[in-house]
1. Remind me, relative contact order of region 86-170 in percent, using alpha carbon pairs under 8 angstrom and six or more residues apart?
2. Using a Förster distance of 30 Å, how high is the FRET efficiency between Thr49 and Val14, based on the Cβ-Cβ distance and rounded to 0.05?
3. Which of Tyr151, Tyr53 has the fewest other C-beta atoms within 10 Å, and how do the rest follow up to the most?
4. For the chain, what does the convex hull of the Cα positions come to per residue, in cubic angstrom?
5. For region 231-242, just list the computed ³J(HN,Hα) in residue order, Karplus coefficients 6.51, -1.76 and 1.60, θ = phi - 60°, integers in Hz, with x standing in for Gly and Pro.
6. If r is the Cβ-Cβ distance from Ala32 to Ala159 and R0 is 51 Å, what FRET efficiency results, to the nearest 0.05?
7. Along the positive direction of the dipole of the chain (beta-carbon charges: Lys, Arg +1; Asp, Glu -1; about the Cα centre), which of Pro216, Ser46, Leu252 reaches farthest?
8. If R₀ is 41 angstrom, what is the calculated FRET efficiency for the pair Val129 and Asn41, using the beta carbon separation as r and rounding to 0.05?
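Nothing in this text is a laboratory measurement; each read-out follows from the coordinates by a stated rule. What you see is a predicted model, and the numbers here were worked out from it, not measured in a lab. Neighbour counts run over all protein chains shown; Cβ positions are idealised from the backbone, glycine included.
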Amino acid sequence: MLVWSKAGRVLAWVTAALLFALIYGVPIGVIALASFSGQWNDVLPSHLTLAHYINAMRGDSAEQTQVSIITGFAASAAALICGSWAALALRNLMRLPRRVLDVIFFVPSAVPSVSVGLALLVAFSQPPVLLNGTRAIVLIAHFVLISAFTYGNVAAGLARLPPEYEQVAESLGARPFYRLRRVILPLVAPYLIAAFSLSFALSMGELGATVMIYPPGWVTLPVGIFSLSDRGAIFDASALTMILALSTLLVLVGLSRISSRAAVR
């Protein structure tokens with residue numbers, strides 16, 4: 001640490017804790033409290049209720065949770081496959097072509113998600129490829145927005161992979177597919193799981209592109225939260241926000257445990 005005295009370290013920790021509580025804790029706490037509020041006309045709610053969570057567990061809100069999870073898993077799996085494939089294919093290229101292709105892969109992450117949604121809406125609203133109003137266009141939008149992060153995580157893992165492992169396997173007569181399956185992929189498994197986790201979290205919270213292209217029967221949780229808050233149903237929107245955060249957190253914790261076991265192996 002840059003602070004050497006004990007009193008300075010204590011002051012630094014206290015300051016960091018206060019800033020964390022102010023920036024992250026207070027907004028999350030207010031949303032959590034609002035999700036249980038029956039009426040809030042003073043500093044604190046006048047009474048608490050579980051009605052907003054009961055409403056969120058049935059009807060449209062339950063369907064939106066299911067849609068978000070399905071969309072997140074499908075888009076993240078597709079991004080993991082394509083991003084891993086691209087990272088494996090480009091790692092042995094010359095430096096200049098690899099950097100150019102790196103920039104191309106990261107372009108979607110530099111473009112606002114609203115622009116991605118508008119581009120897909122314009123591109124797929126006319127024949128011969130008509131996807132406007134279908135679930136596929138939502139999956140494509142999420143895939144486009146998260147694929148760059150998947151590629152970046154896997155490429156970073158491959159860059160840290162010592163080349164000696166592959167060289168030893170090759171010297172023992174291992175074929176390329178065998179080396180990929182038994183040497184490369186097991187060694188970069190923590191990075192693959194981390195890439196999937198990041199992609200899933202980004203997909204679960206994506207709103208900008210989705211709100212422009214989603215069909216009536218495929219509404220994600222962020223779109224549902226936006227619609228409720230736009231109508232003034234802040235308490236119901238807060239309950240959905242907590243469900244979105246908790247469901248995403250549970251999946252990420254499960255993937256983190258799998259990643260830890262893969263790293264130990």
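1. Details: 40 pairs, mean separation 37.0, N = 85.
It comes to 44 percent, rounded to a whole number.
2. Working: r = 36 Å, r/R0 = 1.20.
E(calc), rounded to 0.05, equals 0.25.
3. Numbers: Tyr151 25, Tyr53 16.
With the sparsest Cβ surroundings first, the list reads Tyr53, Tyr151.
4. Numbers: hull volume 52.2 nm³, N = 265.
Each residue corresponds to 197 Å³ of Cα convex hull volume.
5. Here the 3J(HN,Hα) series is 8, x, 8, 5, 5, 5, 5, 5, 4, 5, 4, 5 Hz.
6. Numbers: r = 40 Å, r/R0 = 0.79.
Once the sixth-power term is evaluated, E becomes 0.80.
7. My answer, from the dipole projection, is Leu252.
8. Numbers: r = 52 Å, r/R0 = 1.28.
After rounding to 0.05, the efficiency reads 0.20.
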